[in-house]
Amino acid sequence: MGKHTPNSTDASAARHLETGRPGRQAKTSRSRVAREGSALVAHGPVGDPVVTARNLSKVYGRGDNAVTALDSVDVHIARSRFTAIMGPSGSGKSTLMHCLAGLDSVTSGTIHLDGEEISAMSQRRLTKLRRRRIGFIFQSFNLVPTLTAEENITLPLDIARVRVDRERFDRVVETIGLRDRLTHRPAELSGGQVQRVACARALVGSPAVVFADEPTGNLDSRSTDQVLSILRSSVDEMGQSVVMVTHEPDAAAWADTVIFLRDGRVVAEMNQPDRDRVLDALHELGSPEGPHIGVGDIQQEVDEAWAQPQRTAPTGIRQPSQAGKSTGKEWSDEDSRADRPSTDPWGIG
């Protein structure tokens, strides 16, 4: 399994042994060498997007009380890759994820998910789409306390009246490592085990994309590594597309690409991240002069990103990082309003 080394101090020594795309060889680029000092590059189109947003805006309130959470955002999420979304508090990262997942409406712009426009869908159609095509992992777990772990895992499929693929179910259960806890209810599980059940629930239906909103915010360092390992494995071994909002550099380092927001706008991305480079990027984002963005041929950046080899997983459990550690807030500042997005994606609440 080709998982990232989240805590890399020597990027050159942490290259993967196998490439993200079969038959693709890594290549050296003059433009990339020239920008070696800058880890941030312009965010642009990807070759095979699973989610695309164009000119996306989200405004809360009206008139003098209007607050722009997203300001004409273009976003491109690659299929079968692990994408993290980061930014300072109030940057719009949670709002962006909720809009991309169809949990919150948009003020203007379009969103296409797996080839279908969702920004103009009715709530009824959106609910059906979320049940069948999208997986969700929330910071607060959102398991039904009266159901067993197995019943919670299959709940979205049961609601959608979709037959459970037992082969897929068994594979997912093996991945989360909780086969001996399937008959237990959430109160009989640890916090880490509950979130691993939530991961299985998101993955079992073979969704087009899994959205994870601060999935490790309420977990200790060991449980955090277990959850992130599950998400990484789902990409590497199942071809799953995963989008994760986080403000923890350690968590973002498990991703293939990190997209950075500032003041409601996408300002940059980073490919093959590690903890130190993510911390440097966040420092740049928070500086008065803003980040230094490398420029070049966007398609070339896409080709090079796909060609980058993967890094191996850590052999031990990392210690929690103080920088970028979760504050435990479930909603970012821009979401603390009456029109918060729904946390009932399956239409049962």
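Quick rundown of the values:
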{"item": "Pairwise FRET efficiency - residue 164 versus residue 263, Cβ, R0 = 35 Å, nearest 0.05", "result": "0.20"}
{"item": "Karplus-derived HN-Hα couplings along segment 58-68 (A = 6.51, B = -1.76, C = 1.60, θ = phi - 60°), whole Hz, x at Gly and Pro", "result": "9, 10, 9, x, 9, x, 5, 8, 5, 10, 8"}
{"item": "Positive-end residue, segment 11-308 charge dipole about Cα centroid, Cβ charges, pick of 239, 204, 178", "result": "204"}
{"item": "For residue 210, distant residues with modelled amide H under 5 Å away", "result": "135, 241, 242, 243"}
{"item": "Principal axis box of segment 11-308, alpha-carbon based, largest edge first, Å", "result": "56, 54, 34"}
{"item": "Whole-Å semi-axes of segment 36-99's equivalent ellipsoid (Cα gyration tensor)", "result": "25, 15, 11"}
{"item": "Rh by Kirkwood over Cα pairs, then Stokes-Einstein D for segment 51-163 at 1.567 mPa s and 4 °C, µm²/s", "result": "82"}
{"item": "Approximate spin-label separation residue 171-residue 237, in nm, with each point projected 7 Å along Cα-to-Cβ", "result": "1.0"}
{"item": "Radius ratio Rg over Rh of segment 184-247, counting only Cα atoms, Kirkwood formula for Rh", "result": "0.95"}
{"item": "Phi to ³J(HN,Hα) by Karplus 6.51 cos²θ - 1.76 cosθ + 1.60 over segment 126-140, Hz, x for Gly, Pro", "result": "4, 4, 5, 5, 5, 5, 9, 10, 10, x, 10, 10, 10, 4, 8"}
{"item": "Computed label-point distance, nm, for sites residue 144 and residue 79 using a 7 Å Cα→Cβ extension", "result": "3.2"}
{"item": "Inverse mean reciprocal Cα-Cα distance (Kirkwood Rh) of segment 146-189, Å", "result": "10.9"}
{"item": "For peptides 118-131, 236-249, sequence by mean Cβ density within 10 Å, most packed first", "result": "236-249, 118-131"}
{"item": "DSSP-defined antiparallel bridges as percent of all bridges, segment 11-308, nearest 5", "result": "55"}
{"item": "Chain lengthening between residue 289 and residue 122 when straightened (0.36 nm per residue, less Cα-Cα)", "result": "55.9 nm"}
{"item": "Distant-in-sequence amide H partners of residue 266 (H built 1.01 Å from N, under 5 Å)", "result": "74"}
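Throughout, read-outs are computed from the coordinates displayed, never taken from laboratory work. Since we're looking at a predicted model, the values are computed, not measured. FYI the Cβ positions are ideal-geometry reconstructions off the backbone, even for glycines, and counts take in every protein chain you see.
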